[in-house]
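Asks: Questions regarding the structure given below will be posed in turn.
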Amino acid sequence: MARRRANAGLGDVEELGMQLTPMIDVIFQLLIFFIVNIKFRTLEGLLKAFLPKADTVPTRPDPNKDQVFIKITEASPGNLVLLVNNQPVGGTTEKQKYKSLEERLGGIKEGFEKMPPVIIDADARLPYRYVVYALNVCGKLDLENVMFMFPQQ
């Protein structure tokens, strides 16, 4: 940028540079503003569950141990079957069956000082929503020790 001074001669031109200090100050203030106001999101969908390793041999639960075994399967497409410790869960619709599952698990939880592990065994071809609904029931009851059986092919 070239500028002439009012009292200078016609041939005298003084070079004026751009002032960077105020611009750097503004950049640092913006940087500090955004660092202070950033909000970190928590992880969504974090499940408190122990997944089996793929290289381990699946074992069936021992009925003599204190544990809760939930079997989720479909008798026919759209016909959900829920079993808790090999006992069928009541209800005709999905909603009723999961409500009954919640009541059954709540009753089991009341009978123990420390809730035994909950093992979910779902068919490999079962829609995921059925397993997620069962996990939601466990989460609603604050069950912390939830595990999955290795799916049988």
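The values are calculated or read from the model by the stated rules, or taken from the named source; none is laboratory data. Owing to the predicted nature of the structure, the values given are computational and were not obtained by experimental measurement. With ideal geometry, Cβ positions are generated from the backbone for all residues, glycine too; neighbour counts draw on all protein chains shown.
Asks: Taking region 68-80 only, how many residues are crowded, with 16+ Cβ neighbours inside 10 Å and over 24 Å from the mean Cα position of the chain (by Cα)?
Replies: 1
Asks: What residue, among those in region 93-118 that are among the β-branched types (Val, Ile, Thr) and touching a residue at least 24 places away in the same chain (Cβ under 8 Å), is surrounded by the most Cβ atoms within 10 Å (Cβ to Cβ)?
Replies: Checking each candidate, the answer is 118.
Asks: If you go through region 6-31 one residue at a time, how many are modelled with pLDDT under 90 and assigned to a helix (DSSP H, G or I)?
Replies: So the count comes out to 0.
Asks: Further question: Scan region 128-153 residue by residue and report those that are aliphatic (A, V, I, L, M), surrounded by 15 or more Cβ atoms within 10 Å (Cβ to Cβ) and out of contact with any helix residue (DSSP H, G or I) (no Cβ under 8 Å at 6 or more places or on another chain).
Replies: Listed by number, the residues that qualify are 131, 135, 147, 149.
Asks: For region 119-127, state whether one or more residues are crowded, with 16+ Cβ neighbours inside 10 Å, at pLDDT below 90, assigned to a helix (DSSP H, G or I) and not acidic (Asp, Glu).
Replies: no
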